[in-house]
Amino acid sequence: MAKRTRRTAPIVARIGVIGGSGLYDIPGARVLAELRPRTAWGSPSDAITVVEIGGTPVAFLPRHGRGHRLLPGEVNGRANIAALKQVGVEQVIAFSAVGSLKESLAPLDFAVPAQVIDRTRHRPDTFFGAGVVGHVAFADPFCPRLAAQALAVIRAAGLPGGHGGETLVCMEGPLFSTRAESHLYRSFGAGLINMSALPEAKLAREAELCYALVCMVTDYDCWREGESDVDIQMVIANLTANAQRARDLLPALLPAVGAQARACRCGEASRFAVITAPELQPAATRKRLATLLPQYFAPLSRQPRSGGRRRR
Ligand SMILES: [Zn+2]
């Protein structure tokens, strides 16, 4: 009997890269596929390009769209995270251009923050709602395992900075901080400031993806005496230089990430999150959430009964 012809398996990229300002593509990488997934929350910022980096398939998505068309507040974070999950991504390394709030964090330095303070105001930041209440732990907003791994690779590559453990302020923008705000954030003990870590990190956690942020410092914000205030030309020059070094880092970073087991709790972050009684959850909301978290929102008839009052 003839063997069945093997069909080409769909390409699964378990690692996602979200490119920030300056990082819109990965030139030179072999393109395996260009995907345009549609999600229950709309379309992502741009096509997802699956590229091969160091033998590892990686799903690349430019956060602001190619050509930088979306303000931080205009990015559809829910569609971006849902789309990455839809194409098989389990771990996300996101890149971001950031301002520095500390002398020790110099322009062109790399840092992997451990904490974030949310100063965004106008962005949908949860997949829950519309009749399904869910609360997910976010005490450690970045995957500690993935963040440690990214930091180790950055340090081994000899990139400047290599700062870990910092707190990042995520502000709404698009304007940069006032001087008073910059001093206020410094008084919080924060070291970095950007406009894009959130809601991305929150949504990744709800979607049960590991998420770490690689920050590349462009400027000293506006707190530093004697420093010219945020100068957009200097910011652009620095973020262009940083983006190239980020690209150079990927061939070391991504295979290392892919080789490590997900020995962290991100993969079950939403397991006990939902509080709303299943029979009271609107069908349309369950259907939407099932595209993201099918294990918790399968059709009710297929689920074993557990507790609650039985109908007679
Ligand atoms: Zn994790």
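The values are calculated or read from the model by the stated rules, or taken from the named source; none is laboratory data. Owing to the predicted nature of the structure, the values given are computational and were not obtained by experimental measurement. Quick reminder, even Gly has a Cβ in these numbers, built from the backbone with ideal geometry, and neighbours come from all protein chains shown.
The numbered conditions (1) away from the ligand (no atom under 16 Å from the Cβ); (2) at pLDDT 95 or above; (3) more than 19 Å from Trp41 (Cα to Cα); (4) surrounded by 21 or more Cβ atoms within 10 Å (Cβ to Cβ) are all true for Ala97 except (2). Checked against the criteria, Val235 does not count as within 15 Å of the ligand (Cβ to nearest atom) and either assigned to a helix (DSSP H, G or I) or in contact (Cβ under 8 Å) with a residue 12 or more places away in the chain (or both).
Yes/no per residue for (1) touching a residue at least 40 places away in the same chain (Cβ under 8 Å); (2) away from the ligand (no atom under 15 Å from the Cβ); (3) within 20 Å of Pro199 (Cβ to Cβ); (4) in a loop (DSSP other than H, G, I, E, B):
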residue	(1), (2), (3), (4)
Ala137	yes, no, yes, yes
Phe142	yes, no, yes, yes
Ala147	yes, no, yes, no
Cys170	yes, yes, yes, no
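Within region 36-62, residues that are of a type in the set (Ser, Thr, Tyr) reach partners that are buried (at least 20 other Cβ atoms within 10 Å of the Cβ) and assigned to a loop (DSSP other than H, G, I, E, B) with beta carbons closer than 7 Å, at six or more positions or on different chains, in the pairs Ser45/Arg63; Ser45/His64; Ser45/Val75.
Among the residues of this structure, Ala256 counts as one that is among the hydrophobic types (A, V, I, L, M, F, W, C), surrounded by fewer than 17 Cβ atoms within 10 Å (Cβ to Cβ), within 16 Å of the ligand (Cβ to nearest atom) and not in a loop (DSSP other than H, G, I, E, B). Looking only at residues in region 259-276 that are surrounded by fewer than 16 Cβ atoms within 10 Å (Cβ to Cβ) and within 19 Å of Gly129 (Cβ to Cβ), the one that is farthest from the ligand (Cβ to nearest atom) is Thr276. Taking region 56-70 as the search range and keeping residues that are buried (at least 19 other Cβ atoms within 10 Å of the Cβ) and aliphatic (A, V, I, L, M), which one is nearest to Asn194 (Cα to Cα)? Among residues in region 56-70 that are buried (at least 19 other Cβ atoms within 10 Å of the Cβ) and aliphatic (A, V, I, L, M), the one nearest to Asn194 (Cα to Cα) is Leu61. In region 202-228, the qualifying residues are those that are aromatic (Phe, Trp, Tyr) and in contact with an Asp or Glu (Cβ under 8 Å, 6 or more places away or on another chain), and the one that is nearest to the ligand (Cβ to nearest atom) is Tyr211.
Of all residues in region 8-55, which are part of a loop (DSSP other than H, G, I, E, B), modelled with pLDDT under 95, surrounded by 15 or more Cβ atoms within 10 Å (Cβ to Cβ) and among the hydrophobic types (A, V, I, L, M, F, W, C)? Within region 8-55, Ala13, Leu23, Ile26, Ala29 qualify.
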